[in-house]
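Novice: Starting off with a structure, shown below.
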Amino acid sequence: MESIGKTALMYALSEGELELQIKMAAGKNGFRMIKGKVGSMSTEKIFAAVETASQREGLIRKDHYRDTHALYHAILDAFVGICRGQLGLGNMLRTVGLIFTVVRGPRTIEQREDGEWLAVVLYGTIGAPVKGYEHETVGLGLNHL
């Protein structure tokens, strides 16, 4: 993978051996990454899960405003993508079950002088809170540090 967005997307969509291969290759290219799961009808819980995991795994520093601010905007952009512009879950009677990835590193491996960036991918299902009423969704957010 040569770009941070593609790396984040591939990592979110991968499982098993492929997931490990992507993580190893990305690490060699200067990317650090995490992957997690979250499901909720609460927007706040989605944001909190991604932020908490990013802090816990050392991708962002809790006491650095720029890190937290960049992550917030990357999550927001990805969230807009999964919600298709209608920002709301429980208040609109819909729920999500998501895999999230956060990747930190250069925007592309050829443009390291561009500084560090964050990419957030949210992938999973969204729909009414009734089993079988959901469909796939994906969102990608990028922000510079």
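Novice: Give the lysines reachable from K28 as a straight Cα distance under 22 Å; neighbours fewer than 8 places away on the same chain don't count.
Specialist: Filter leaves K6.
Novice: If you don't mind, another one. Quote the convex hull volume per residue of the range 4-144, based on C-alpha atoms, as a whole number of Å³.
Specialist: So the per-residue Cα hull volume is 102 Å³.
Novice: What order do you get for M10, M41 when you list them from fewest to most C-beta neighbours inside 10 Å?
Specialist: In increasing order of surrounding Cβ atoms, one gets M41, M10.
Novice: Which helices count as membrane-span-like in the chain under these terms: full DSSP H, at least 27 Å along the axis by C-alpha, Kyte-Doolittle mean of 0.0 or more?
Specialist: For the chain, where a helix must reach 27 Å along its axis and average at least 0.0, there are no hits.
Novice: Also, I was wondering about something else. Is it possible to state the helix-based mean residue ellipticity at 222 nm for the chain, with each DSSP H run of 4+ residues giving -39500 (n - 2.57), the sum divided by total residues, to the nearest 500 deg cm²/dmol? What is it?
Specialist: Calculated at 222 nm, the ellipticity per residue is -12500 deg cm²/dmol.
Novice: Could you list I34, I82, I75 so that the one with the fewest beta carbons within 10 Å of its beta carbon is first and the one with the most is last?
Specialist: Details: I34 18, I82 22, I75 25.
If I rank by nearby Cβ atoms, fewest first, I get I34, I82, I75.
Novice: Pull up the cross-link candidates among the lysines for K131, meaning alpha carbon to alpha carbon under 19 Å and not fewer than 8 places away within one chain.
Specialist: K37
Novice: Would you list K35, K131 from fewest to most Cβ contacts within 10 Å? Mind showing how you got there, number by number?
Specialist: Numbers: K35 18, K131 7.
By the 10 Å Cβ count, ascending, the order reads K131, K35.
Taken together, the values in this text are just the output of simple stated rules run on the coordinates, not laboratory data. Everything numeric here is computed off the predicted structure, so don't read it as measured data. Counting neighbours? That spans all protein chains shown, and the Cβs are built from the backbone with ideal geometry, glycine included.
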